[in-house]
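A short worksheet on the structure shown next.
Readers should treat all values here as calculations from the given coordinates under stated rules, not as data from a laboratory. Predicted model only: the values in this text are computed from it and were never measured. Glycine gets a Cβ as well: all are built from the backbone with ideal geometry, and neighbour counts include every protein chain shown.
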Amino acid sequence: MVEYELINPSDPYTFIAPDKEVAALVVFTISTLYGAKSKDGLEEIPVFIFGGSAEWYQGEFGRTPDEGLADRRKQVAGALESFMYGHFEDRKRYEAALKAITDLERLDQFKAERQDGHRSLNDIGTYAHEMAKRIRGLAKEGGNVRKYAGCRGN
C-alpha cells in the first residue's frame, strides 16, 4: 500500500491506495482539478486544469477511466475510506486511533470529528467517505459506478 497526499489548493489530505492506478481513480472521483503525490515522491497523479485526464489515464494504464473504475471499484472505495485530514506525519496516530475504536458508531463519529478540522469550504474528506459508500453500495447492486460515483473528469 502506498500513502498519497492529495494536491489541492486548500487543506492537507492523505489517503492510502494499493497502486498508482487506484490513486488516479480516487483523484478522478473527487476532481481532476486535484492531483496526488506518493509519500516517497516516486508516483504522481497530475492536476488536469485544462482537460486531458482521460487521455493521460489511457496512456498510463492502457484502458479508460470507466473501465478502470468498473474493474477496481472495491479498491477505489477502500482508498476513499482511507482519506484523512492532515499530513503524512499525522497518519500514524490516526491509524492507531482507528484500531483502538471498536464501536462502529464511535468510529464514524471519530472520523467525522477528525474531518471537521478543515479550514476551507471544501470538506474533501467527508466527500471522499461518502463517495466510498456510494461506490460500495453500487458494487453490491451491480450498478454503473461512474454514473453515480461523482467522477468529475475532464
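The figures follow:
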{"item": "Gyration tensor over alpha-carbon atoms, the stretch 1-81, equivalent ellipsoid semi-axes in Å", "result": "17, 15, 11"}
{"item": "Cβ crowding within 10 Å averaged over residues, with 92-101, 68-77 ranked highest first", "result": "68-77, 92-101"}
